[in-house]
1. Within the range 138-173, can you find the residues that are farther than 17 Å from ASP37 by Cα and outside any strand (DSSP E or B)?
2. Check ASP153, ASP148, ASP204 and return the single one that is free of Cβ contacts under 8 Å to residues at least 60 places away in the same chain, of a type in the set (D, E, K, R), in contact with a strand residue (DSSP E or B) (Cβ under 7 Å, 6 or more places away or on another chain) and at negative phi.
3. Right, GLY395: surrounded by 15 or more Cβ atoms within 10 Å (Cβ to Cβ) and at pLDDT 95 or above or not?
4. Among the numbered criteria (1) open to solvent by less than 70 Å² (accessible area, probe 1.4 Å); (2) touching a strand residue (DSSP E or B) at 6+ places or on another chain (Cβ under 9 Å); (3) over 30 Å from GLY234 (Cβ atoms); (4) not basic (Lys, Arg), which single criterion is violated by THR390?
5. For the range 345-379, give me each residue that is open to solvent by less than 40 Å² (accessible area, probe 1.4 Å), in a helix (DSSP H, G or I) and within 24 Å of GLY303 (Cβ to Cβ).
6. Filter the helices (runs of 4 or more DSSP H) completely within the range 233-327 down to those with at least 3 residues that are crowded, with 19+ Cβ neighbours inside 10 Å.
7. With respect to ILE455, is the statement that it is assigned to a strand (DSSP E or B), within 27 Å of CYS301 (Cβ to Cβ) and without any contact (Cβ under 8 Å) to a residue 60 or more places away in the chain true?
8. Being crowded, with 17+ Cβ neighbours inside 10 Å and either over 30 Å from GLU64 (Cβ atoms) or in contact with a Cys (Cβ under 9 Å, 6 or more places away or on another chain) (or both), is that true of even one residue in the range 446-460?
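The values are calculated or read from the model by the stated rules, or taken from the named source; none is laboratory data. Since the structure is predicted, the reported quantities are computational estimates derived from the model, not experimental observations. Here Cβ is always computed from backbone atoms with ideal geometry, including for glycine, and neighbour counts include all displayed protein chains. For accessibility, only protein heavy atoms count, side chains too; no ligands or nucleic acids. Shrake-Rupley method; radii C 1.70, N 1.55, O 1.52, S 1.80 Å.
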Amino acid sequence: MANVNVDVVVIGGGPVGVTALALLGRAGLSAVGVERDIQVWPTARAVHFDGETFRTLQSLGVAERFAQATLPMSSFHIENEEREVLVSVPTGQFGTQGWHDDLTFHQPDIEVLLQEVVQELPGVELRRGATVLSVRNAGPGVEVAVRDADGGDSLIRARWAIAADGARSQSRQALGIECEKLGEDAQWLVADGILEEGPGLSSDMIFLGHHTRPALWIRLPGKRVRMEFMLMPGDDPEELATPAGVEKISHGVLPADKFTADRLATYTFRGRIARQWRAGNIFLAGDAAHQAPPLFGQGLCAGIRDVANLVWKLAAVKRQTADDSLLDTYESERMPHARFWVEQATRAAGFMQTTDADIAKQRDAFIRANPAASAPVSPALGPGLHEGGTDERAGRLAMQPILSDGVRLDDMVGSRFLVATTREIYSAIPSQLREQLEDTPDVVVLFDPGKVGQILAAAGAQAVIVRPDRYILGLGDTPEALEHLICSIPSLDRDVPAPL
């Protein structure tokens with residue numbers, strides 16, 4: 001049996017797992033990804049990125065490639081059985097993350113691009129056609145037994161494992177971690193494919209709140225579209241999953257002679273949260289940790305947030321600029337954030353999936369009176385490495401300015417802590433601390449108003465420290481407050497050894 005030793009083994013080669021591999025490679029960690037399927041899954045599952053997710057892809061250095069494979073959304077609305085538009089939400093704006101707030105894509109295209117990123121990075125590889133036989137904590141690390149595509153067995157020893165192996169995660173089951181169920185499950189039919197000269201629908205995304213059959217419409221890049229339909233009592237799923245069946249339940253939106261499906265499948269709208277996200281040196285991420293009905297398009301976004309939160313912390317511990325306890329903040333920060341979106345999606349699914357005409361009328365009245373409820377605002381992180389417990393502005397995502405020369409600020413900062421402040425406040429902190437900051441490779445200090453003025457204005461503070469995952473560690477308005485915040489940066493903690 002061949003043995004392999006790396007920093008991290010990633011179980012699962014879907015978009016979350018491969019994003020984790022790419023982030024690990026960019027952070028200088030060695031990693032092996034293990035994926036059972038030999039080829040990229042040929043049909044779409046996830047179809048939506050938000051601006052934060054695209055900002056993470058930007059950190060891989062290939063944002064323009066991804067931009068060419070996505071379509072910025074320009075409109076979204078909810079309609080009822082009478083075709084009344086209950087609420088319209090603008091989605092075409094260029095948001096605070098330096099990218100459009102909502103973009104759609106064809107998942108196989110994105111997965112191919114992510115694999116290309118991994119292939120270009122040293123120290124990381126994705127093994128396709130490999131089956132995980134077992135995963136366990138072993139001493140100070142983990143051991144993952146693998147059967148490769150050629151039938152040979154190998155043992156991967158790593159310091160950590162990221163289990164991104166999907167909703168039916170065998171890793172989660174092997175660890176004995178149960179999931180909490182939120183909301184009620186429902187069966188839906190999804191139809192993905194090419195619509196040639198068909199009428200389609202006018203908006204990029206529409207929740208069709210029809211109590212006779214709830215449905216969802218999404219326009220994707222090129223000629224691609226998606227519709228999803230709730231299965232009703234008495235339905236024959238096999239009969240509906242045909243061109244004629246889709247034309248009938250779409251009321252002609254997807255005509256059989258103009259719509260060519262590459263995926264017709266039934267699946268379950270479900271809300272789940274794993275009760276534990278860390279077991280020793282094994283971390284759950286993506287659908288292995290949480291699943292939500294696709295009402296807000298946050299499933300894949302949440303999974304990419306998971307690995308963006310985790311990878312920089314693994315890198316800090318590997319470099320000995322942080323203690324292992326920093327890794328406990330992965331679960332404490334991410335679980336409440338993910339729960340928020342699962343709860344929002346299951347609540348919206350309950351609204352959208354009602355088949356009772358009277359309840360649908362009550363829902364319509366609620367939406368008319370509370371239009372903002374249709375576009376929830378992303379919450380702060382749960383407790384962790386930030387000052388959100390004493391300042392509600394902390395623990396939230398920082399904005400990303402686009403500078404006068406067109407450069408996005410993240411491209412200048414990289415995967416480091418950003419100390420953004422004014423020259424006056426920075427000059428007033430002790431000179432020894434300034435020297436230490438400027439000698440620390442994990443930190444960049446900027447006080448040019450042209451670079452950080454927008455961040456300070458948006459945060460409402462004279463000093464802001466932003467973490468490598470772009471969340472705000474803390475804010476202040478005085479040299480004393482900035483000095484306090486600086487001492488919260490792990491690599492500035494005097495009790496932690498300097499990097500080797």
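1. Within the range 138-173, GLY139, PRO140, ARG172, GLN173 meet the criteria.
2. Details: ASP153 fails: free of Cβ contacts under 8 Å to residues at least 60 places away in the same chain; ASP204 fails: free of Cβ contacts under 8 Å to residues at least 60 places away in the same chain.
Answer to the check: ASP148.
3. Values: surrounded by 15 or more Cβ atoms within 10 Å (Cβ to Cβ): yes; at pLDDT 95 or above: yes.
Criteria met by GLY395.
4. Unmet for THR390, out of (1) open to solvent by less than 70 Å² (accessible area, probe 1.4 Å); (2) touching a strand residue (DSSP E or B) at 6+ places or on another chain (Cβ under 9 Å); (3) over 30 Å from GLY234 (Cβ atoms); (4) not basic (Lys, Arg): (1).
5. Once the filter is applied, which keeps residues that are open to solvent by less than 40 Å² (accessible area, probe 1.4 Å), in a helix (DSSP H, G or I) and within 24 Å of GLY303 (Cβ to Cβ), the range 345-379 yields ALA345, THR346, ALA348, ALA349, MET352, SER374.
6. Values: elements: 237-240, 243-249, 299-318.
Helices (runs of 4 or more DSSP H) meeting the threshold: 243-249, 299-318.
7. On the way: assigned to a strand (DSSP E or B): no; within 27 Å of CYS301 (Cβ to Cβ): yes; without any contact (Cβ under 8 Å) to a residue 60 or more places away in the chain: yes.
So ILE455 does not fit the description; no.
8. Going residue by residue through the range 446-460, those that are crowded, with 17+ Cβ neighbours inside 10 Å are 446-447, 451-452, 454-456, 459.
Retained after the next criterion (residues that are either over 30 Å from GLU64 (Cβ atoms) or in contact with a Cys (Cβ under 9 Å, 6 or more places away or on another chain) (or both)): none.
No, the range 446-460 has no match at all.
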